[in-house]
């Protein structure tokens, strides 16, 4: 989740950064010690797959036996990502705000591979960091965020359902955010768009259940993805990348851990595989307890 509001950043940046307990690579699985292939023979399509969470999930899916089609509006990064991920990955350019692009991506995937098992609607943007006030919201900017973060997701669900319903199986995933769980963590446009995703998932699940198709979303906490760092640089233009990464690490609540790309990728793997075969209509929050509680901070009276 990118671009927490400045007040949240300042509040948490004073905390010591958590120490990462594991490393993760998106280099196509080199060094992976897993022996099971939870997605063996599966075909997955991931929007926004050229970098960040999308690319990390593509790598995790490939390590577990899937064939992955990554689609993105950034052709240069997408082509590079597919090459890095290896022979089990391929790239198609797609603008998720254009329904015909999404339809073509789904149709081409099915034509090439005979099926679509997993559709991960991951593409999204944060939108402008300012103005902070709802009273000054630029409706054109708001509509742009909604086109990508909401309309693009609905289009992805629609066209995945077209092929999964006749097949009688399939898994659809969507990326939401902790900013869609509690308010005040991000700009209004982004927050509103991400609150919408769990509702879309529940609505679609009410129909797709009867066809054997599952749909869920993932709401991650802040992760130091290229998108997150890009937006934080706008807030703190003079800060080094190292400082920005430390700030993101310091936002967590769970001592000794931080939210990494791998955590979101593994959550997606769980939901896409048979491990999550009875989970649908669910919002899997991956936030180390961030949205689970708030310390009251009572002004306890003095004994004197």
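Side notes on the structure shown:
- Meets criteria (surrounded by fewer than 22 Cβ atoms within 10 Å (Cβ to Cβ), touching a helix residue (DSSP H, G or I) at 6+ places or on another chain (Cβ under 6 Å) and assigned to a helix (DSSP H, G or I)) for residue 229: yes
- Filter result (free of Cβ contacts under 8 Å to residues at least 60 places away in the same chain and surrounded by fewer than 23 Cβ atoms within 10 Å (Cβ to Cβ)) within region 247-260: 253
- Every residue from region 83-100 that is touching a residue at least 12 places away in the same chain (Cβ under 8 Å), in a helix (DSSP H, G or I) and closer than 14 Å to residue 156 by Cα: 99
- Some residue of region 140-150 being closer than 15 Å to residue 48 by Cβ and in contact with a strand residue (DSSP E or B) (Cβ under 8 Å, 6 or more places away or on another chain): no
- When the criteria are applied in full, residue 153 fails the requirement of being part of a helix (DSSP H, G or I), crowded, with 24+ Cβ neighbours inside 10 Å, touching a residue at least 24 places away in the same chain (Cβ under 8 Å) and over 17 Å from the mean Cα position of the chain (by Cα).
- Among residues of region 48-74, those that are assigned to a loop (DSSP other than H, G, I, E, B) and surrounded by 24 or more Cβ atoms within 10 Å (Cβ to Cβ), counted: 4
- Qualifying positions in region 261-291 - assigned to a loop (DSSP other than H, G, I, E, B) and touching a residue at least 24 places away in the same chain (Cβ under 8 Å): 273, 277, 279, 280, 281, 282, 287, 288, 289, 290, 291
- Hits in region 87-133 - residues which are farther than 23 Å from residue 216 by Cα, at pLDDT 95 or above and touching a helix residue (DSSP H, G or I) at 6+ places or on another chain (Cβ under 7 Å): 88, 89, 90, 91, 92, 93
- Breaking point among (1) buried (at least 17 other Cβ atoms within 10 Å of the Cβ); (2) in contact (Cβ under 8 Å) with a residue 24 or more places away in the chain, for residue 162: (1)
The values are calculated or read from the model by the stated rules, or taken from the named source; none is laboratory data. Small disclaimer: the values here were computed from a predicted structure and weren't measured. Cβ coordinates were reconstructed from backbone atoms using ideal geometry, including for glycine residues, and neighbour counts include every protein chain displayed.
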